[in-house]
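Working notes, structure below.
The values are calculated or read from the model by the stated rules, or taken from the named source; none is laboratory data. Source: prediction; values computed, not measured. All Cβ positions, glycine included, derive from the backbone under ideal geometry; neighbour counts span all protein chains shown. The area values use the complete protein model at the heavy-atom level, side chains included, leaving out ligands, DNA and RNA. Shrake-Rupley method; radii C 1.70, N 1.55, O 1.52, S 1.80 Å.
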Amino acid sequence: MPLLGVNIDHVATIRQQRRAFEPDPVKAALICQSAGADSIVAHLREDRRHINDKDITALKKALQIRFNLEMSIAPDVVAMACQTRPDQVTIVPERRQELTTEGGLDVVRNFKKLMPVCSKLKDRGIAVSLFINAQIEQVDAANKLGISIIELHTGCYADANTARLRAAELKKLIHITRYARTLGLEVNAGHGLKYHNTAPVALIPGMHELNIGHSIISYAVFVGLERAVKEMRSLSVSSTLKRRR
Ligand code: PXP
(Lines give C-alpha, C1' and ligand atoms only; values in the text may rest on other atoms or scores of the structure.)
Protein backbone atom coordinates (compact mmCIF):
# COMPACT_ATOMS: atom_id res chain seq x y z
CA MET A 1 0.00 0.00 0.00
CA PRO A 2 1.23 3.53 -0.69
CA LEU A 3 2.35 5.93 2.01
CA LEU A 4 -0.01 8.61 3.30
CA GLY A 5 0.80 12.31 3.35
CA VAL A 6 -1.71 14.45 5.25
CA ASN A 7 -2.33 18.01 4.10
CA ILE A 8 -3.08 20.24 7.09
CA ASP A 9 -3.88 23.52 5.28
CA HIS A 10 -7.53 23.35 6.29
CA VAL A 11 -6.65 23.51 9.98
CA ALA A 12 -4.91 26.81 9.27
CA THR A 13 -7.92 27.94 7.24
CA ILE A 14 -10.13 27.63 10.34
CA ARG A 15 -7.55 29.51 12.42
CA GLN A 16 -7.38 32.33 9.88
CA GLN A 17 -11.17 32.79 9.94
CA ARG A 18 -10.58 34.43 13.34
CA ARG A 19 -6.93 35.48 12.91
CA ALA A 20 -6.53 33.56 16.18
CA PHE A 21 -4.04 31.03 17.56
CA GLU A 22 -6.24 27.96 17.31
CA PRO A 23 -6.52 25.47 15.85
CA ASP A 24 -2.74 25.21 15.55
CA PRO A 25 -1.68 23.40 12.35
CA VAL A 26 1.54 22.23 14.02
CA LYS A 27 -0.46 20.53 16.76
CA ALA A 28 -2.62 18.94 14.06
CA ALA A 29 0.51 17.77 12.22
CA LEU A 30 1.84 16.13 15.38
CA ILE A 31 -1.46 14.28 15.85
CA CYS A 32 -1.26 13.09 12.22
CA GLN A 33 2.32 12.00 12.88
CA SER A 34 1.39 9.95 15.92
CA ALA A 35 -1.62 8.50 14.07
CA GLY A 36 0.67 7.01 11.44
CA ALA A 37 0.93 9.62 8.67
CA ASP A 38 4.11 9.17 6.66
CA SER A 39 4.46 12.83 5.79
CA ILE A 40 2.86 16.21 6.37
CA VAL A 41 1.94 18.47 3.47
CA ALA A 42 1.43 22.21 3.85
CA HIS A 43 0.91 24.74 1.06
CA LEU A 44 2.54 28.12 1.57
CA ARG A 45 0.36 30.19 -0.74
CA GLU A 46 1.58 33.44 -2.22
CA ASP A 47 -1.19 35.33 -0.37
CA ARG A 48 -0.54 33.37 2.88
CA ARG A 49 -4.28 32.80 3.18
CA HIS A 50 -3.90 29.82 5.52
CA ILE A 51 -0.39 28.47 6.23
CA ASN A 52 2.13 31.24 6.97
CA ASP A 53 5.92 31.49 7.17
CA LYS A 54 5.92 30.92 10.94
CA ASP A 55 3.99 27.66 10.49
CA ILE A 56 6.55 26.46 7.98
CA THR A 57 9.45 27.13 10.35
CA ALA A 58 7.58 25.51 13.24
CA LEU A 59 6.61 22.44 11.19
CA LYS A 60 10.16 21.91 10.05
CA LYS A 61 11.34 22.07 13.66
CA ALA A 62 8.59 19.89 15.17
CA LEU A 63 8.18 17.05 12.68
CA GLN A 64 9.98 13.75 12.80
CA ILE A 65 8.29 12.50 9.64
CA ARG A 66 8.87 13.95 6.17
CA PHE A 67 7.78 17.53 5.62
CA ASN A 68 6.48 18.21 2.11
CA LEU A 69 6.11 21.92 1.35
CA GLU A 70 3.71 22.67 -1.47
CA MET A 71 4.38 25.92 -3.28
CA SER A 72 4.47 27.90 -6.50
CA ILE A 73 7.68 29.28 -7.97
CA ALA A 74 7.09 32.83 -6.67
CA PRO A 75 10.57 34.13 -5.68
CA ASP A 76 9.71 34.89 -2.01
CA VAL A 77 8.22 31.41 -1.54
CA VAL A 78 11.24 29.75 -3.16
CA ALA A 79 13.50 31.81 -0.87
CA MET A 80 11.48 30.64 2.14
CA ALA A 81 11.88 27.01 1.03
CA CYS A 82 15.65 27.41 0.55
CA GLN A 83 15.93 28.95 3.99
CA THR A 84 13.72 26.40 5.81
CA ARG A 85 14.84 23.34 3.84
CA PRO A 86 11.83 21.01 4.10
CA ASP A 87 12.52 17.39 3.14
CA GLN A 88 10.52 17.80 -0.03
CA VAL A 89 8.97 20.57 -2.10
CA THR A 90 6.00 19.94 -4.38
CA ILE A 91 5.70 22.62 -7.02
CA VAL A 92 2.09 23.41 -7.92
CA PRO A 93 0.46 25.99 -10.19
CA GLU A 94 -1.20 28.79 -8.26
CA ARG A 95 -3.91 31.24 -9.16
CA ARG A 96 -4.82 33.92 -6.63
CA GLN A 97 -8.60 33.50 -6.96
CA GLU A 98 -8.79 29.70 -6.90
CA LEU A 99 -10.27 27.90 -3.89
CA THR A 100 -7.78 25.07 -4.23
CA THR A 101 -5.11 23.96 -6.72
CA GLU A 102 -6.95 23.60 -10.02
CA GLY A 103 -5.17 21.27 -12.40
CA GLY A 104 -1.55 20.32 -12.65
CA LEU A 105 1.52 22.33 -13.49
CA ASP A 106 2.16 22.86 -17.22
CA VAL A 107 5.77 21.69 -17.15
CA VAL A 108 6.06 21.79 -20.96
CA ARG A 109 5.14 25.46 -21.17
CA ASN A 110 6.99 26.53 -18.01
CA PHE A 111 10.08 24.42 -18.57
CA LYS A 112 12.51 27.37 -18.72
CA LYS A 113 11.09 28.98 -15.57
CA LEU A 114 11.12 25.69 -13.67
CA MET A 115 14.69 24.71 -14.53
CA PRO A 116 16.54 27.24 -12.29
CA VAL A 117 14.06 26.80 -9.43
CA CYS A 118 14.41 22.99 -9.44
CA SER A 119 18.21 23.29 -9.56
CA LYS A 120 18.25 25.78 -6.69
CA LEU A 121 16.06 23.55 -4.51
CA LYS A 122 18.03 20.40 -5.36
CA ASP A 123 21.30 22.24 -4.55
CA ARG A 124 19.86 22.91 -1.09
CA GLY A 125 19.32 19.17 -0.62
CA ILE A 126 15.53 19.35 -1.05
CA ALA A 127 13.73 16.58 -2.98
CA VAL A 128 11.62 18.16 -5.73
CA SER A 129 8.22 16.90 -6.85
CA LEU A 130 6.05 18.37 -9.61
CA PHE A 131 2.25 18.25 -9.40
CA ILE A 132 1.11 17.37 -12.93
CA ASN A 133 -1.86 16.09 -14.88
CA ALA A 134 -1.70 12.46 -16.00
CA GLN A 135 -0.25 13.20 -19.45
CA ILE A 136 2.79 11.62 -21.12
CA GLU A 137 4.18 14.97 -22.32
CA GLN A 138 4.09 16.37 -18.77
CA VAL A 139 5.88 13.31 -17.39
CA ASP A 140 8.52 13.57 -20.12
CA ALA A 141 9.09 17.27 -19.42
CA ALA A 142 9.32 16.61 -15.66
CA ASN A 143 11.83 13.85 -16.30
CA LYS A 144 13.90 16.17 -18.54
CA LEU A 145 14.10 18.65 -15.65
CA GLY A 146 16.05 16.04 -13.71
CA ILE A 147 13.64 15.86 -10.80
CA SER A 148 12.90 12.50 -9.18
CA ILE A 149 9.27 12.75 -8.06
CA ILE A 150 5.93 13.55 -9.69
CA GLU A 151 2.50 13.84 -8.11
CA LEU A 152 -0.44 13.03 -10.36
CA HIS A 153 -3.48 15.30 -10.05
CA THR A 154 -6.44 13.04 -9.25
CA GLY A 155 -9.09 15.78 -9.59
CA CYS A 156 -10.54 14.43 -12.87
CA TYR A 157 -10.83 10.95 -11.35
CA ALA A 158 -12.43 12.33 -8.16
CA ASP A 159 -14.85 14.56 -10.07
CA ALA A 160 -15.93 11.90 -12.60
CA ASN A 161 -19.66 11.55 -12.11
CA THR A 162 -20.29 8.23 -13.83
CA ALA A 163 -18.70 4.84 -13.24
CA ARG A 164 -17.54 4.77 -16.87
CA LEU A 165 -15.80 8.14 -16.66
CA ARG A 166 -14.22 7.21 -13.32
CA ALA A 167 -12.91 3.94 -14.77
CA ALA A 168 -11.45 5.84 -17.76
CA GLU A 169 -9.70 8.34 -15.47
CA LEU A 170 -8.37 5.54 -13.29
CA LYS A 171 -7.01 3.81 -16.39
CA LYS A 172 -5.14 7.00 -17.31
CA LEU A 173 -3.62 7.17 -13.82
CA ILE A 174 -2.57 3.50 -14.01
CA HIS A 175 -1.03 3.96 -17.47
CA ILE A 176 0.88 7.15 -16.56
CA THR A 177 2.12 5.66 -13.29
CA ARG A 178 3.47 2.65 -15.18
CA TYR A 179 5.14 4.92 -17.75
CA ALA A 180 6.69 7.23 -15.13
CA ARG A 181 8.00 4.24 -13.17
CA THR A 182 9.79 2.99 -16.29
CA LEU A 183 11.63 6.35 -16.32
CA GLY A 184 12.60 5.78 -12.69
CA LEU A 185 10.35 8.51 -11.29
CA GLU A 186 8.68 8.18 -7.89
CA VAL A 187 4.93 8.56 -8.42
CA ASN A 188 2.56 10.14 -5.89
CA ALA A 189 -1.04 11.23 -6.33
CA GLY A 190 -3.57 13.49 -4.71
CA HIS A 191 -6.44 15.94 -4.87
CA GLY A 192 -10.08 15.21 -4.18
CA LEU A 193 -9.40 11.77 -2.73
CA LYS A 194 -12.07 10.79 -0.23
CA TYR A 195 -12.87 7.78 1.93
CA HIS A 196 -15.06 6.27 -0.81
CA ASN A 197 -12.75 6.77 -3.82
CA THR A 198 -9.21 6.32 -2.50
CA ALA A 199 -8.86 2.51 -2.56
CA PRO A 200 -8.64 2.11 -6.38
CA VAL A 201 -5.89 4.77 -6.53
CA ALA A 202 -4.07 3.19 -3.59
CA LEU A 203 -4.08 -0.10 -5.49
CA ILE A 204 -2.35 1.32 -8.59
CA PRO A 205 0.87 -0.71 -9.00
CA GLY A 206 3.91 1.48 -8.37
CA MET A 207 2.00 4.22 -6.51
CA HIS A 208 4.33 5.53 -3.81
CA GLU A 209 2.32 8.02 -1.74
CA LEU A 210 -1.14 9.60 -1.62
CA ASN A 211 -1.52 13.15 -0.35
CA ILE A 212 -4.92 13.82 1.16
CA GLY A 213 -6.24 16.86 3.00
CA HIS A 214 -9.82 18.05 2.76
CA SER A 215 -11.60 14.75 3.33
CA ILE A 216 -9.46 13.83 6.37
CA ILE A 217 -9.93 17.21 8.06
CA SER A 218 -13.67 17.19 7.21
CA TYR A 219 -14.13 13.71 8.69
CA ALA A 220 -12.09 14.69 11.75
CA VAL A 221 -14.72 17.33 12.58
CA PHE A 222 -17.38 14.65 12.90
CA VAL A 223 -15.14 12.13 14.62
CA GLY A 224 -14.25 14.76 17.24
CA LEU A 225 -17.40 16.88 17.55
CA GLU A 226 -19.25 14.66 20.02
CA ARG A 227 -16.33 14.66 22.49
CA ALA A 228 -15.81 18.40 22.07
CA VAL A 229 -19.45 19.14 22.93
CA LYS A 230 -19.47 16.69 25.87
CA GLU A 231 -16.34 18.24 27.38
CA MET A 232 -17.73 21.78 27.09
CA ARG A 233 -21.07 20.60 28.47
CA SER A 234 -19.46 18.98 31.49
CA LEU A 235 -17.45 22.17 32.10
CA SER A 236 -20.60 24.26 32.17
CA VAL A 237 -22.38 21.71 34.41
CA SER A 238 -19.50 21.55 36.89
CA SER A 239 -19.19 25.35 37.05
CA THR A 240 -22.96 25.60 37.76
CA LEU A 241 -22.60 23.05 40.57
CA LYS A 242 -19.65 25.00 42.05
CA ARG A 243 -21.67 28.22 42.00
CA ARG A 244 -24.54 26.50 43.84
CA ARG A 245 -22.27 25.25 46.63
N1 PXP B 1 -1.70 17.31 -3.41
C2 PXP B 1 -1.58 18.56 -3.89
C3 PXP B 1 -0.40 18.88 -4.72
C4 PXP B 1 -2.55 19.56 -3.60
O5 PXP B 1 -2.42 20.79 -4.10
C6 PXP B 1 -3.63 19.22 -2.77
C7 PXP B 1 -4.62 20.28 -2.41
O8 PXP B 1 -4.05 21.20 -1.55
C9 PXP B 1 -3.69 17.92 -2.26
C10 PXP B 1 -2.74 16.97 -2.62
C11 PXP B 1 -4.79 17.49 -1.33
O12 PXP B 1 -6.03 17.65 -1.95
P13 PXP B 1 -7.35 17.44 -1.08
O14 PXP B 1 -7.35 18.54 -0.05
O15 PXP B 1 -8.44 17.58 -2.08
O16 PXP B 1 -7.26 16.10 -0.46
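Lysines near Lys242 by alpha-carbon distance under 16 Å, same-chain residues fewer than 8 away left out - which ones?
Candidates past the 8-residue exclusion: nothing left.
Which listed residue (Ser119, Pro205, His50) has the Cα farthest towards the positive end of the charge dipole for the chain, taking +1 on Lys and Arg C-beta and -1 on Asp and Glu C-beta about the Cα centre?
My answer, from the dipole projection, is His50.
Average projected area of the Cα convex hull of the chain, in nm²?
Over every viewing direction, the Cα hull of the chain projects on average to 15.2 nm².
Over the range 93-245, with the other protein chains present, what is the accessible area per residue in square angstrom, probe 1.4 angstrom?
61
Can you sort His153, His208 by solvent-accessible area, 1.4 Å probe, largest first?
Reading off the accessible areas and sorting them downward yields His208, His153.
Suppose every Lys and Arg Cβ carries +1 and every Asp and Glu Cβ carries -1, with no other charges. What dipole size does the chain come out with about its Cα centre, to the nearest 20 debye?
960
Figure the gain on full extension for Asp159 and Lys194 (residue separation times 0.36 nm, minus the Cα-Cα span) and round it to one decimal in nm.
Computed gain between Asp159 and Lys194 is 11.5 nm.
Averaging over every viewing direction, what projected area does the convex hull of the Cα atoms of the range 143-245 cover, in nm²? Provide the component values of the computation, followed by the final result.
Details: hull surface 38.8 nm².
The orientation-averaged projected area of the Cα hull of the range 143-245 comes to 9.7 nm².
What is the projected area of the convex hull of the Cα atoms of the range 19-62, averaged over all directions, in nm²?
Computed as one quarter of the Cα hull surface, the answer is 3.2 nm².
Straight distance only, please: which lysines reach the Cα of Lys54 with their own Cα at less than 20 Å, same-chain residues fewer than 8 apart left out?
Output for Lys54: Lys27.
What whole-number distance in Å separates the alpha-carbon centres of the range 136-206 and the range 27-56?
So the two Cα centres are separated by 23 Å.
Project the alpha carbons of the range 133-181 onto their principal axes and report the range along each, largest first, in whole Å.
Principal-axis extents of the range 133-181 (Cα, largest first): 37, 16, 14 Å.
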